[in-house]
1. Work out the charge dipole of chain A with +1 on the Cβ of Lys and Arg and -1 on the Cβ of Asp and Glu about the Cα centre, then indicate which of A:A587, A:I177, A:I442 is farthest towards its positive end.
2. What full-extension length gain, to one decimal in nm, is calculated for A:A509 and A:S280 as 0.36 nm per residue of separation minus the Cα-Cα distance?
3. Among A:K367/A:K396; A:K310/A:K367; A:K538/A:K577; A:K693/A:K728; A:K708/A:K774; A:K310/A:K440, which pairs are too far apart, with a Cα-Cα distance over 22 Å?
4. Return the distance in nm (one decimal) between the two label points of a simple spin-label model at A:A516 and A:L495, each offset 7 Å from Cα along Cα→Cβ.
5. Once every DSSP H run of n ≥ 4 in chain A is given -39500 (n - 2.57) and the sum is divided by its residues, what mean residue ellipticity at 222 nm do you get, rounded to the nearest 500 deg cm²/dmol?
6. Can you tell me the order of A:759-767, A:739-747 when each peptide is scored by its average per-residue count of other Cβ atoms within 10 angstrom, highest first?
7. Cα convex hull of the stretch A:419-551: mean projected area in nm², to one decimal?
8. Figure the gain on full extension for A:T172 and A:K310 (residue separation times 0.36 nm, minus the Cα-Cα span) and round it to one decimal in nm.
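The values are calculated or read from the model by the stated rules, or taken from the named source; none is laboratory data. The model shown is predicted, which means the values in this text are computed figures rather than measured ones. Please note: Cβ atoms are built from the backbone with ideal geometry, for glycine as well, and neighbour counts cover all protein chains shown. Surface areas here come from the heavy atoms of the whole protein model, side chains and all, with no ligands, DNA or RNA. Shrake-Rupley method; radii C 1.70, N 1.55, O 1.52, S 1.80 Å.
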Amino acid sequence: MGPDDISRFHQTLEGRMKESNRSSNVPRFVKRVELVQKQTIMHYQTQESQPFLKIVVALPTMVASCRGILERGITIEGLGSKSFLTYESNILFALRFMIDCNIVGGNWIEVPAGKYRKAARVMSYCQLELDCLFSDLVSHAAEGEYSKMAPFRILSFDIECAGRKGHFPEPTHDPVIQIANLVTHQGEGQPFVRNVMTLKSCSPIVGVDVMPFDTERDILLAWRDLIREVDPDIIIGYNICKFDLPYLIERAEVLKIAEFPILGRIRNSRVRVRDTTFSSRQYGVRESKDVTIEGRVQFDLLQAMQRDYKLSSYSLNSVSAHFLGEQKEDVHHSIISDLQNGNSETRRRLAVYCLKDAYLPQRLLDKLMYIYNYVEMARVTGVPISFLLSRGQSIKVLSQLLRKAKQKNLVIPNIKGQGSGQDTFEGATVLEARAGYYEKPIATLDFASLYPSIMMAYNLCYCTLVPPEDARKLNLPPESLNKTPSGEIFVKPELQKGILPEILEELLAARKRAKADLKEAKDPLERAVLDGRQLALKVSANSVYGFTGATVGQLPCLEISSSVTSYGRQMIEHTKKLVEDKFTTVAGYEHNAEVIYGDTDSVMVQFGVSTVEDAMKLGREAADYISGTFTKPIKLEFEKVYFPYLLISKKRYAGLYWTNPEKFDKMDAKGIETVRRDNCLLVKNLVTECLHKILVDRDVPGAVQYVKNTISDLLMNRVDLSLLVITKGLTKTGEDYAVKAAHVELAERMRKRDPATAPTVGDRVPYVIIKAAKGAKAYEKSEDPIYVLDNNIPIDPQYYLENQISKPLLRIFEPILKNASKELLHGSHTRSVSISTPSNSGIMKFAKKKLTCLGCKAIISGGSQTLCPHCKGREAELYCKTVANVSDLEMLFGRLWTQCQECQGSLHQDVLCTSRDCPIFYRRRKAQKDMAEARLQLDRWDF
DNA sequence: TCTCAAACCTAA
DNA sequence: TCAGTTAGGTTTGAGA
């Protein structure tokens, strides 16, 4: 292509752009077409650079349409028809801008003196507004003064709506009645604004600005004014993205308050709400709403929790209990209207509740150091902070890759469809597990950052890969090439240093620095920054390999990922062999070492010695010796000793974890029920307790006894309902399920009861298994715990024994105890069973209840209301027993009630809380039921 | 009763 | 328009 061809190309492209954007009356689409010297990142290239066409269009949105035209192909006069591979044509504009200006997320930017002037036309609601050429901006690396956190203004808020009876609030019907707000300067312990906007009067609350309004319209506008005045940088809350913010916007639409949704920093720019779904294997499917508020970051703590922690419940209540050790009152939405329609005292009550819901997200933000961790993640990976919650892992790697590529004058092709060649590849080796209970110390050897170090050691990268056809063509010297165990060829660094290895080196070096600085740092704020940074650096390094293997991603390269795993497989086999060959009695060691297990980057070795100290010594020796046989920077480290060690199977084990020979650090469990979210607490607690008794106390009979007691309690119906709640994630929408499952069917039934509160995709569904006809499937027996509690439905203890408890227990006890099954599951403790009567379902509706004797439970046939003739003589004794029973239960209920009152923060008000995540709630409800029943029995003594 | 696949969740 | 990887154990429904 010569200069004339370029100008013809320009004209043709301009014409095609006009055709496909007929509706817009843009004078010119393609601003410039330049010839530039660049190189593609794909494959090792012998020449320095080659010519590329750089196309500059008038608006960001035109990039996509331009790309489409070029990919489909255009006909240029004199050159014929040609379709083009485009490069870097699929990059979000904000990211493109940041990369070009060398700006990273969470960055400090300087507008140098003399390079700006007062804004010619005010276009924003910002406190300072000025005009400056983008190229004059100075981006500062996060070092020294510039590593400090900005004093962000953070607004935490929560709204309450008055739903109709039995319905979840909907913006088309139900008014917003309260909004609680806290505004805090990042880093300060206390909010400097604390208010609650209420519909109608509300009694005063100490330390809070209570702002009553007559109409809902006034509330909404007051809130908008608050946003305008406080001008928050970050808006936080719990579930604000999916609920509170869209609700406010939609409500304002319904009320026709046109001036409400101007909440961003761009003057007169309206907030837009859009439905979005996010789906990835890591985070699952998640439906939410995309709310655009320019200039303010929305940080929804619910989203953050779901991404960062694997919990069995994500309710604000459960999360607060978990991280803050604090419960919150959970008022069911159907009660909210009653409180609103009461008086200023009941509305005050609601306001206190609303304030707490605004306060807890702020506490979580502080406690988990979210600002530090996310700002550091943004700084390390270069993406804007908002991407960290709204986008996946790959954008972070891509951002780093694009930045590095720009430095090296490389461009990244926009490859559509599947990557090169096959679409799956072999992963890591998991060594055969020699299951058993080990009473000798087991040393663990680990490769440090295995996959990153392989990529660095063998220079694996897009730009060092030599495809087979090139290998023949280019005639490269064999000594400059590496052939990977999977058969791929990469050039050595002498010829071309890979940019992935370079990124990884920088990440790991920066992590080392951060960790060293962390050791020195005294100031807690500085420590928070550094700790957040080292974590971000580690996570980033580990996700590079995943990025190359993501076939549906931006730039898959299975040659790289399959090479990485193939080296990994070779290395773990090599390590196992070396350990077993070197540490032998023949070579003068006391015992023959045995590798009893290993997974991906670790091997577990039984050296045969009986003290932790000796195992550590040999572990260190082995790690040093074996490290020497690998290419740098691959390193095998001795990490810990397990003693004793219970190996159940691949990916499942438990043991005491020792890093110094004096005392163990902790009990560690992998893969077994204690660390899984889909088991009920009863199983979790039981297994944890047994492991503790076996491993720590070395008390097997004690563990057995504990199991027996638990099983007996279960069968006698003495177990709290909260311990029987099983939770499972809803991973797809109803009709996509091929088979029926307990949690899916329950979600479906709940949807029929109340579509608005039923679980949806991505939610976790709690359920219990209830009694039903013999042979009924589990999915027919699952029920909502609250529903079970309210309707007094009996649970199925046998199911819990056979399908939940028994197998996990046997797996633990079998290596330790002979006849485990007989002893644990069929002993005398399984004989007494409490027969519960379903009170309101099935056949019992037609059954007539017969009175039974209060002494011996025999059916009473004649006259008496209380006792059979047999027990008549014990009248006085049995009466006293009944009275005592009632008074015990009253006391129990009273204690639990007080506990709930304390939790809600007031001792002279009714308890409204119905938190399905709180064990006290279940116990309180049960005590209430038991008490009522006991009173009925007492009433039968009619003298 | 056995076998297989779907679904879930975890290890690394 | 976007979505990090594979290996593996366990439970359960469904059909032979």
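1. It is A:I177, whose Cα lies furthest towards the positive end.
2. Full-extension gain reported as 79.4 nm.
3. Exceeds cut-off: A:K367/A:K396; A:K538/A:K577; A:K693/A:K728; A:K708/A:K774; A:K310/A:K440.
4. Result: 3.4 nm between the two label points.
5. -12000 deg cm²/dmol
6. Working: A:759-767: 20.6, A:739-747: 18.7.
The packing order, highest mean first, is A:759-767, A:739-747.
7. Projected over every direction and averaged, the Cα hull of the stretch A:419-551 covers 12.8 nm².
8. Details: separation 138, 0.36 × 138 = 49.68 nm, distance 3.47 nm.
Difference between extended and current length: 46.2 nm.
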